[in-house]
1. Please report, in debye to the nearest 20, how large the charge dipole of the chain is about its Cα centre when each Lys and Arg carries +1 at its beta carbon and each Asp and Glu carries -1 there.
2. For the pairs LYS193/LYS235; LYS380/LYS431; LYS479/LYS568; LYS557/LYS641; LYS387/LYS428; LYS53/LYS125, note any where the Cα-Cα span goes beyond 19 Å.
3. Can you spot the aspartates and glutamates whose alpha carbon is less than 16 Å from LYS144's alpha carbon? Ignore those fewer than 8 places along the same chain.
4. Using the Cα centre of the stretch 250-329 as origin and beta-carbon charges of +1 (Lys, Arg) and -1 (Asp, Glu), tell me which of THR254, MET304, PHE264 is placed farthest towards the positive end of the dipole.
5. Can you list the HN-Hα couplings for the stretch 660-672, worked out from phi with the Karplus curve (6.51, -1.76, 1.60; θ = phi - 60°), rounded to whole Hz and with x for Gly and Pro?
6. If the cut-off is 14 Å between C-alpha atoms, which aspartates and glutamates fall inside it for LYS434, apart from same-chain ones fewer than 8 positions away?
7. Rounded to whole Å, give me the distance from the Cα center of the stretch 544-561 to that of the stretch 7-42.
8. Which values of log₁₀ I(q)/I(0), to two decimal places, follow from the Debye formula for the stretch 250-329 at q = 0.22 Å⁻¹ with a uniform point scatterer at every Cα?
Amino acid sequence: MGEFVVHRVRFFDYMPSAIRAMAFNNRSERLALARADGAVEIFNFADNYFQEKVIPGQDNRTIEALCWVGQRLFSASLNGEITEYDLENLRPRYSMVAYGGPIWTISSNNQGTLLAVGCEDGMVKMFEVLEERIQFQRNLDRQKSRIISLSWHPSGTLIAAGMMDMIRIFDAETGQATHRLLVERGVGASKSKEVVVWSVAFLSDRTIISGDSAGKVQVWDGLTGTLVRTHLVTKWDVLALSVTQDESSLAVGTSEGTVIQFQFLSSTVDQRDKEWVRTRTFKNHSHDVRALAHIETAVISGGMDTQLVVRPLLDKVEKNTQESALRKMAFPHRSLVCCAKKVGLLLFQFPEHLELWRLGESDGHGKPGDSLAVKSKPEKLIQLKRKGEDHICCSALSPCGGWMAYSTVSSIRLYRLQYDNNNVSIIKVSKLPKVLSSAHQLCFSPDSSKLFASSSQSSVIVVALNRSECKYLYTFRPKSGSRQPVHLLSASEDGKWLATANTGCEIYVYNLEKLKLHCKVPVYSSCPTALAIHPVSSNLIMVHADQQIFEYSLVQKEYTEWSRKLQKHGLHSLWLERDTPIVHINFNPRNPAHIILHDTFMFCIIDQSLPLPEAKSLLYNQMTLRSVPESERLRHSHAFKICKNFQHLMCVSLMEDHSLVVVERPLQDIMSQLPAPVRQKKFAT
């Protein structure tokens, strides 16, 4: 596998934000997820649950609810604004004040023509969805308390609104309240303590299901306004409800961290007299479950513990398959760490600031597995706070450590770094070309002479760097006219090639000497998650969300023989079953046959000179190889050398001195920084 001196880095204090809301789009199979810091993430469930887009947050944006209308995404915030998002330029398209105080909920009718929002002032406000914007249409009858939750009847003629101590049913055409459903305050509850109806669901047979702060799930007859059944599911709050499209199953999220499933079942053979029956309880969260989406095959949940959980329903998927596995997504599907491999510097990206660190140095040599004594400790050189309200969306550090850049949705900032013994000076480059307004991704050339910035409509801007200034050179634009954002950039070591990939699964390679398009790699159906150009062969290595690996010759403009052999032979089933994407690719200059790549749970060295693993062979075979005599190792060895000694990897990068930097963020460290969960009595305590 190769021996490396490993810098084991655990001082990147990455802290994900709590999940506040989610909405699933059944047509495109995409989940929109909002976090407490105002960031919005888009996951493609049809492409191995890949996090394909991230819209950065903003200081004053606190998203309370999300809603899809066709392929358009809207959010409601406690700052009183409705926001529509530009999913191509990864920013808010516009925001509109509803003039009703904080907005607690947002919901659209099935026809996609109207949006309803529930406000602090007791108003349900209706907005018409137009081609370019939304337009205020009318207010429904004003109520005495804030509107906490909303749900449209599938016909689009009625709306159920949850509030304090009651549920109101409105006629959407006249705006008048037709029914008032009074919610009990719960057994033993204080009569002065109001019950909050956190969530409602309005079904096609006029049944209304509600979840409230007294821990009850209640089933109501919406025709008569009467209570049909009460299920007491927790001593705490029922915070979220979600119903499947066919209305046969219901998921309930509680502040204890449990998700409870109800199914619409009959107790008789003739399938008459169906009722909602509690069938399963899942405990996959340590804290409040604030957001839920229930699709046909799974329950998707998220909350205070920051993890997105996809829990497949075993009666809907085939058992003992990849589809039946529980998934917990705790880390971003992109790198937040940059390495200056020539000088041993690390740049850590946070939403509010950047941190520049110098790696520590060890004393002497040791045997494999030894911990070396530290001669000089890691040192934080700079903490740079961002300007303005917008959070940082991308950043980059040049390989020589002399340049640093970051971007928000509104601006790009470039800095020159100078080192004098232990002192570091940072100088802002004041004059940037006007075309450098914002970027989805930033990347420096290996010789630090150029900066590449991916911009709108899949374009990439090239600027030349010279001491303390930068000069605009060229803008590359794809011939396809794609508008999807470029999320991956990689420049070759010789400075000749630039490879780009966008979320529309298109990969382009540009010639930096001639400043023109060199080739377009054949489109593969899964989104690329990492790519890099080999420094010796100039072959492009690509890894996709479905874990497939391709190698493309930039000279021949075709897939290499090794790549064809790999596709014909097929990847090992354990490799394909991994549930986190490869986010970074490195090469070993001392051994051109080695490709180094990593996901969250392992890093792997692929040795292209060795045979590929057979379907029945052991993929994780490093321990086996150590136990057999050296003469037999070649017979047991294969191309995939996998190391799982390090966990929850944020970055694995090979430095110029051949040392390996491994940046870890143990999940335990994240969990220890969360607020205390709701106290639960345990047996014998």
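The values are calculated or read from the model by the stated rules, or taken from the named source; none is laboratory data. Note that the structure is a prediction, hence the values are computed from the model and not measured. Every residue, glycine as well, gets a Cβ built from its backbone with ideal geometry; the counts of neighbours run over all protein chains shown. To get the accessible areas, we keep the full protein, side chains included, count just its heavy atoms, and leave off ligands, DNA and RNA. Shrake-Rupley method; radii C 1.70, N 1.55, O 1.52, S 1.80 Å.
1. Magnitude of the dipole: close to 900 debye.
2. Too far apart for the 19 Å limit: LYS380/LYS431; LYS479/LYS568; LYS557/LYS641; LYS53/LYS125.
3. Filter leaves GLU120, ASP121, ASP165, GLU194.
4. MET304
5. 10, 9, 10, 9, 10, 9, x, 4, 4, 5, 5, 4, 5
6. Those aspartates and glutamates meeting the cut-off are GLU469.
7. Going from one Cα centre to the other spans 30 Å.
8. With no solvent term, the Cα-only Debye profile gives -0.99.
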